[in-house]
1. Is there a residue being facing chain B (nearest Cβ under 10 Å), touching a residue at least 12 places away in the same chain (Cβ under 8 Å), surrounded by 10 or more Cβ atoms within 10 Å (Cβ to Cβ) and more than 30 Å from B:Asp3 (Cα to Cα) anywhere in segment A:39-60?
2. Which condition number does A:Tyr67 fail, the rest of (1) over 30 Å from B:Val147 (Cα atoms); (2) part of a helix (DSSP H, G or I) being met?
3. Considering (1) facing another protein chain (nearest Cβ under 8 Å); (2) free of Cβ contacts under 8 Å to residues at least 40 places away in the same chain; (3) surrounded by 11 or more Cβ atoms within 10 Å (Cβ to Cβ); (4) over 25 Å from B:Ala130 (Cα atoms), say which one A:Ile103 fails and leave the rest.
4. Are any residues in segment B:18-33 under 20 Å from B:Thr79 (Cα atoms) and of a type in the set (A, V, I, L, M, F, W, C), and if so, which ones?
5. May I ask you to list pairs of residues, at least six apart or on different chains, whose Cβ atoms are under 8 Å apart, with the first in segment B:41-58 being at positive phi and the second being assigned to a loop (DSSP other than H, G, I, E, B) and hydroxyl-bearing (Ser, Thr, Tyr)?
6. In segment A:22-51, what count of residues is obtained for those that are modelled with pLDDT of 80 or more, of a type in the set (Gly, Ala, Ser) and more than 33 Å from the chain's Cα centre (by Cα)?
7. So, in segment B:29-65, of the ones that are crowded, with 18+ Cβ neighbours inside 10 Å and among the polar types (S, T, N, Q), which residue ends up nearest to the other protein chains (Cβ to nearest Cβ)?
8. Any residue in segment A:62-91 that's farther than 19 Å from A:Ala115 by Cβ and more than 7 Å from chain B (Cβ to nearest Cβ): show its pairings with residues that are modelled with pLDDT of 85 or more and surrounded by 16 or more Cβ atoms within 10 Å (Cβ to Cβ) at Cβ separation under 6 Å, as long as the two are six or more apart or on different chains.
Amino acid sequence: MPEGGTYFGQYVTIGIFALVGVVLVLGTLQLAKLVAPNVPDTDKYTTYESGIDPIGSGWAQSNVRYYIFALLFVVFDVEAVFLFPWAIVFERFGTQAFVEMVIFIGILAIALLYAAKKKVLEWQ
Amino acid sequence: MVDTWQLVVFWALFAMMGVSALRVVTSSNVVHAALYLVVTLMGAAALYVLLLAEFVAWVQVLVYVGAIIVLMLFGLMLTRAPIGKGMFDNDQRLVAAVTAGALFGVTTWIIVDAFEGQKITLSKATGIRAESIGDVIFSSFVLPFEVISMLLLAALIGAVVIARRD
């Protein structure tokens, strides 16, 4: 880790970039609001200004099979998090760390195999 | 070595997290509540950065902001959650307040009991680095580490059982 000063200095840079990003979005929106002519019309607020009017609510129940993909993402996200410290200490721990990670990924591979076997990864 | 500006950043984060955490429980739209939770969790990540725990901060961003919120939003989309005003308010506010208060009290008491009077000086040596985490995971905590993969396996198999068609 870099020393205190440069460590926070790097995050100040990130903060400045984030601030510029926020100002850029809000600034252009405000600028558009100032410059653009304001002629309100109810037709302009419909979902499709020139098209078929939408029926019912936009809030629909989605298919439960999407949840599998969300959960797969979470599982392998957590796995990826463990890969970072592993990659750093790998050189010092050698075979031991390698075997430990192979077991870890192997158990998760069983889950992926099971999901593939049950055909939930295919979209029918 | 706590500088004034560190305190300023801390209190700014404190205000941001406090407001967004309040909005999580008072917002009448559950999707907005989930998005306010993103702000709260990002604030927590920024606090970790402030405590020199850079690795923990990015894990917070990756897992909580990235994955858990996605899971929550998918959960909301699956349950056809009502998004009207007050649709999911109920008369259990007192019980909820007592539970939350008790939880806060117990947690505060445990932390005060464990660290009372201790001054933890932040330096690059005490900051929690990915390397020190890797050191303990792959030497003293190998079994819990492998158990985590079993937990993830169980979660995935459970989801597959719920979602499959046959």
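1. Within segment A:39-60 (the criterion being facing chain B (nearest Cβ under 10 Å), touching a residue at least 12 places away in the same chain (Cβ under 8 Å), surrounded by 10 or more Cβ atoms within 10 Å (Cβ to Cβ) and more than 30 Å from B:Asp3 (Cα to Cα)), the answer is no, since none of the residues qualifies.
2. (1)
3. So the condition that A:Ile103 fails would be (4).
4. B:Val24, B:Val25, B:Val30, B:Val31, B:Ala33
5. B:Leu52/B:Ser123; B:Leu52/B:Thr126
6. Looking only at that region, the number is 1.
7. If we take residues in segment B:29-65 being crowded, with 18+ Cβ neighbours inside 10 Å and among the polar types (S, T, N, Q), then B:Gln60 is nearest to the other protein chains (Cβ to nearest Cβ).
8. These pairs meet every condition: A:Phe90/A:Ala97.
The values are calculated or read from the model by the stated rules, or taken from the named source; none is laboratory data. Because the structure is a prediction, the values reported are computed rather than measured. Positions of Cβ are generated from backbone atoms using ideal geometry, with glycine treated the same way; all protein chains shown enter the neighbour counts.
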